[in-house]
Structures are given as structure tokens and as C-alpha cells.
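The values are calculated or read from the model by the stated rules, or taken from the named source; none is laboratory data. These numbers come from a predicted model, not from an experiment. In this analysis, Cβ positions are derived from the backbone assuming ideal geometry, glycine residues included, and neighbour counts consider all displayed protein chains. Surface accessibility is based on the protein's heavy atoms, side chains included, excluding ligands, DNA and RNA. Shrake-Rupley method; radii C 1.70, N 1.55, O 1.52, S 1.80 Å.
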Amino acid sequence: MNKKKNMAIDFQDNMILLTRKYLKRKIMCPETKFRHHVKERTHILDLLKRTVDMGESNSALLIGPRGSGKTTLINSVLKELSSVKSFKENTLIVNLNGLVHTDDRLALKDATRQMQLENVVGDKVFGTFAENLTFLLDCLKSGDKKRSKPVIFILDEFDLFCEHHNQTLLYNLFDIAQTAQAPICVIGMTCRLDVIELLEKRVKSRFSHRQIFLFPGDTSSSEQPTSAFDDRLELFQHLLSLPDDENVNRIEQQYDDCTIDPQFGSVWNEYIKSLVNNPTMVNLLKRMYQIDVSERSFRNFLAIVVSMLSEKHQRLEVNDFVEASKMFSQDDKVLMLEGLSVLEMCLIIAMKHETEIYDGEPFNFEAIYNRYMKFANQHSSIQTVQKPVITKAFEHIKNLEFLLPTSGANSKVEKEYQYYKFLLTPQQIMEAVKNYPGLPTEISQWAMTTV
């Protein structure tokens, strides 16, 4: 009897350890399932398909803050295309990163390795960088230009390549894409909204000027605001669930050292489902989502919780999530607000009121300027500031990514009349006002008033 009991305990302990191992891998592995931004994903997919199927050369920039899903979007597109035999056999993908490839020589050397052309290049001496790159692309041709092997260049941290001497790599890649010497597609990924301004004139003239913007939590207009959080709950359940009977074989192939008993998995999944319906758990996740919509941070949070599993701690209790959330509850945006000048904080409060009055509708600089001036004129203690200074303060707020342009980089609209969506919540602003050292009483009271 004791032997059977010990075997059952050993089995349970083993399942818990395998569960911890499996879930950590699942949570932290590179994601290829992409949610939201359907239009933007379709645009990238179409560009790559045209390069591969029609030999058309293209270039584009994928722009958005960290955690907005740029890498996941690219991974999901490449995964979808890799299921097509012609793409898998004929297309070359070259991944370069501005943090790693700090000069053009390093970038070209790694591109040669990824294109598997080290033996072809050998000890050849080239006069220029352009000659070297052209030679590499010529090596991929099989008869004529129409039958060249398509090459997809993915340039992560694109803005750092702009710092390279003469931007030679970018110039030649865009030049080849423009002149159709060989079918290539250049996709740059960056957090810099002003990245086009970093390009030299000759490089800019060869770029297609396709800019695709991604912003975290920015879903299609047809969706209700609550649906984004519903997706987060669905992701919570997905990432913490074990494979069911139908998926066991597929998962075993992927994680052959994490074979989990289906019956154990079924019981585990029912418990995770109960967590999704737990009001305390839902409120915690909702609070965290309001602070940070980034999926990357959410995965890091879940990885910490899963790490708590052990032979002695065999269930993920609600309190485990509460404790782990304390590491992520410090709102970076609130800290940034507390570091703003008094004038900038006044503009933030003006934006809060403007958003509340017009039910979240976008606003422009002129609307915020007028709202601030109305407040300043009513309070003699508030020092009068000239409009150029206020404009500069507004620009700083925009550069901190508290504002989202509604029309991308639309150069036809004057700065004062460009419309923006406000990305801060009233709770974040009120917390910053409460913690702001030495904020004048009139401004604190203005923030608290309901207009």
C-alpha cells in the first residue's frame, strides 16, 4: 500500500516539474501567433509574397514602441509563408540587428554567412561595399533576373543602421530594391517615429517611403474597448494550459522531454479555467493591463508565477499572481509624468480634460493650448508662458509617446493642427499629480475637477 502511495506521490511530483518546464517554454518561446493589426500584417504579407512570387523588389519600415508586436508580426508572416514549398526552398532570409551589426562590414559578413556564400566569396577582394553586395546577389541568380533567388532582409533596430558611416548598407539595399537588380525585400523595424529624418538625402530618395505603424493595444476601430482585455484573458488561459488529448502527440513532438499525462493535463486545465473566472484574478489582470498592455511584460509576469511551482507548491494560487504582480505594478508612465516640468504637467491635465469632455476623441495642439490658457488666465499665480515655449513642451510630451498621431507622419498637416489620440488614463495622471513634489495647489485642484 505504501509503495503505491509513494508511486502516486512520485508521479504527481514528476508531473508538476514537467508542467513547470513545459509552461515556461511555452510562455517564453518566440511567438508566431499574431493578434490584432490585421491590416498592417496583410500589408507586410503582400509585400513579401510579391517579392517571392513575382520577383518584385520592395522596402518598408515597421514602426512602433517596444512591445507593440513588430517582431511577432514578422515571425507570424514568415511562418505562414514557410508552409509554402516554393518559398521554403527558394527564398533566403537575412536577419540583421543594429545592436549586433555595429558597422557595415560586420553586417555584410553575417549576410554572406546567412546566404551560405562564404565559399563563393573566398579570398576575393572587392573595391567597394556595393561591389561586394552586388556580387553576393549575382551569385544567387540562376540564369537571368527573373529566376534570381528572392532575398528578404529583416533589419531590426533599423535606426542604429542609420548611424553607420555614410549609411552605405542602407543605400545599397534600397538602391538594389529600387533598380530591381535582384528580387529583394527590405523590412526595417524601429521604435523611432522620426526614423525617416535620420536617413541621408540620397538614401531617402531610394526608399519607398512605406511606413507601417504599430501601437500596443491599438485595435481596429470596429472592436469594443473591452474586447482587447478579453483577448488578454484568453491569452492568460492559453499560456497556462497544458495540451489536451488532441494536441498531446503534436506537443510531444515539439517538447519530447515534456510528456504530460492527458488526465493530469485535463484536471490542470479545469483549474486554470476557474482562475479566469475568479473576480480577484480578473481585477488583478485588468489593473495590470491598464498599466502595461505589452504582451512581453505579461509573459514575463506569467513566467515568474510558473517558476513558483515545485513538489511542495503544486498549484498556482491567486496569491502567487498577486505577489508576482508587485514586481510589475510600478507604472513607468507615472514615473515619467512625475519627471515632467510644471508646464508640461499642466498640458497633460489639459489633455485629460479635453479627452473627458469629448469622450476620447482626438485633439490637436490648438485645442490644448486654448484650454491651458483659459486656466492660466483665471489664476494670477500661474506664470504666463509664451506660445513657442508651450509648443516645445507639447513636442516633448509627444516624443515621450504619450500621444499617438491619428494620421501617421502626414507632412501636409501643419503641426498645430495634427490630431493626436491620448494614451494616458485618468488614473495614471491623478497618481502622478498626487506624487508630484511641489506641484502648486491650483494645478492639483484643476486636475481633480470634473469639467
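A few points about this structure:
- If the condition is being closer than 16 Å to Gln378 by Cβ and in a loop (DSSP other than H, G, I, E, B), then the range 433-451 contributes Pro440, Thr449, Val451.
- Pair list, Cβ under 6 Å, 6 or more apart: the range 6-28 residue surrounded by 14 or more Cβ atoms within 10 Å (Cβ to Cβ), other residue charged (D, E, K, R) and at pLDDT 85 or above: Asp13/Glu311; Ile27/Arg299
- Residue that is nearest to Asp46 (Cα to Cα) [pool: residues in the range 180-194 that are touching a Ser or Thr at 6+ places or on another chain (Cβ under 8 Å) and outside any strand (DSSP E or B)]: Pro183
- Residues within the range 262-315 that are part of a loop (DSSP other than H, G, I, E, B), among the hydrophobic types (A, V, I, L, M, F, W, C) and buried (at least 19 other Cβ atoms within 10 Å of the Cβ), tallied: 2
- Test result for Ile152, touching a residue at least 12 places away in the same chain (Cβ under 8 Å) and surrounded by fewer than 20 Cβ atoms within 10 Å (Cβ to Cβ): no
- Scanning the range 319-357 for residues that are without any contact (Cβ under 8 Å) to a residue 12 or more places away in the chain and of a type in the set (Asp, Glu) yields a single hit, Glu323.
- The set of residues from the range 191-229 being modelled with pLDDT of 75 or more and acidic (Asp, Glu) comprises Asp194, Glu197, Glu200.
- Any chance Ile368 is within 28 Å of Ser68 (Cα to Cα) and either open to solvent by 60 Å² or more (accessible area, probe 1.4 Å) or part of a helix (DSSP H, G or I) (or both): yes
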